[in-house]
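Presented below is the structure to which this report refers.
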Amino acid sequence: MSNPTPTPASTNSATMAAQICNQIQSIFSLTLPNNLSPPLDVLTTELATLRGRVFVYGVGREGLMMKAFCMRLFHLGLSAHVVGDMTTPPAASGDLLLASAGPGDFSTVSALCRVAKNAGARVVLITAKPDAESEARKCADAIVFVPAQTMADSEEERKAGEVRLPMGSLYEGALFVFFEMVVIKLAEVIGQSPAEMRARHTNLE
């Protein structure tokens, strides 16, 4: 059996990478609704003014992006924890929960937002669906709007030779880029140098 002829897009890594990066970049060029503040400002301010600890949570690949962000927050000198880890302390007044729910709601996200809220912590919901009716949205003190396609959205037909991120990959990729922007801006705001961040990186690897 002969091998199928690859499409032009699949034979050119630079073209594929450019199309993927352009899709992610376009997310940050969209006009925000009037009732929502710029996401970079919202999250940077929440973290720069934090008095206690920060907890992060997300499911699936969103959760992986949240864990990666948590690592950098620790490198910045924050007391940062992933919900569900064995050493995660209890949330309390002065703490902050960052929860991602791209489609607007997940049952675990809503449950944890309610627990954090009842414990006196602030709740920030990161989502592509800020108007979704959910317990997480009701608990949120602030919304970080990342207007990207999620797992819950229907996908458009691809044009010939076009590379389009599947399922929730656009939201997840946008989260990674967005969190890197937050890290850069937050480091400037709280006065953390690359050397200081590197000094907090584990040596047990």
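The values are calculated or read from the model by the stated rules, or taken from the named source; none is laboratory data. Since this is a predicted model, take the numbers as computed values, not measurements. Glycine also receives a Cβ, built like all others from the backbone with ideal geometry; neighbour counts cover every protein chain displayed. Protein only, heavy atoms only, side chains kept; ligands, DNA and RNA dropped before computing areas. Shrake-Rupley method; radii C 1.70, N 1.55, O 1.52, S 1.80 Å.
List of remarks:
- For the chain, the per residue solvent-accessible surface stands at 56 Å², with DNA, RNA and ligands left out and a 1.4 Å probe.
- Computed from point charges on the beta carbon alone (+1 for Lys and Arg, -1 for Asp and Glu), the dipole magnitude for the chain about its Cα centre is near 380 Debye.
- Taking every DSSP bridge with both residues inside the chain, close to 0 percent are antiparallel.
- Remark: region 71-184 carries a charge dipole of roughly 280 debye about the Cα centre, counting +1 on each Lys and Arg Cβ and -1 on each Asp and Glu Cβ.
- The Cys residues in the chain with no partner Cys Cβ within less than 4.7 Å of their Cβ are CYS21, CYS70.
- Only DSSP H runs of four or more residues enter the estimate; each adds -39500 (n - 2.57), and after division by the residues of the chain the mean residue ellipticity at 222 nm equals -13000 deg cm²/dmol.
- Karplus-derived 3J(HN,Hα), 6.51/-1.76/1.60, for each residue of region 25-41, Hz, glycine and proline x: 4, 4, 4, 8, 9, 6, 6, 7, x, 4, 8, 10, 8, x, x, 5, 5
- Summarising the amide proton neighbourhood of VAL144: residues at separation of 5 or more, or on other chains, whose placed amide H is nearer than 5 Å comprise LEU125, ILE126, THR127.
- For LEU97, distant residues with modelled amide H under 5 Å away: PHE55, ARG122, VAL123, VAL124
- Zero-based 5 Å bins, Cα pair distances in the chain, whole percents: 1, 7, 14, 18, 18, 15, 11, 7, 4, 3, 1, 1, 0, 0
- Rolling a 1.4 Å probe across all protein chains gives MET65 an accessible area of roughly 40 Å².
- A simple rule links phi to the HN-Hα coupling: the Karplus curve 6.51 cos²θ - 1.76 cosθ + 1.60 with θ = phi - 60°, which for region 177-185 gives 5, 4, 5, 5, 5, 4, 4, 4, 5 Hz, with x for Gly and Pro.
- Share of carbon and sulfur in the accessible heavy-atom surface of the chain [1.4 Å probe, %]: 56
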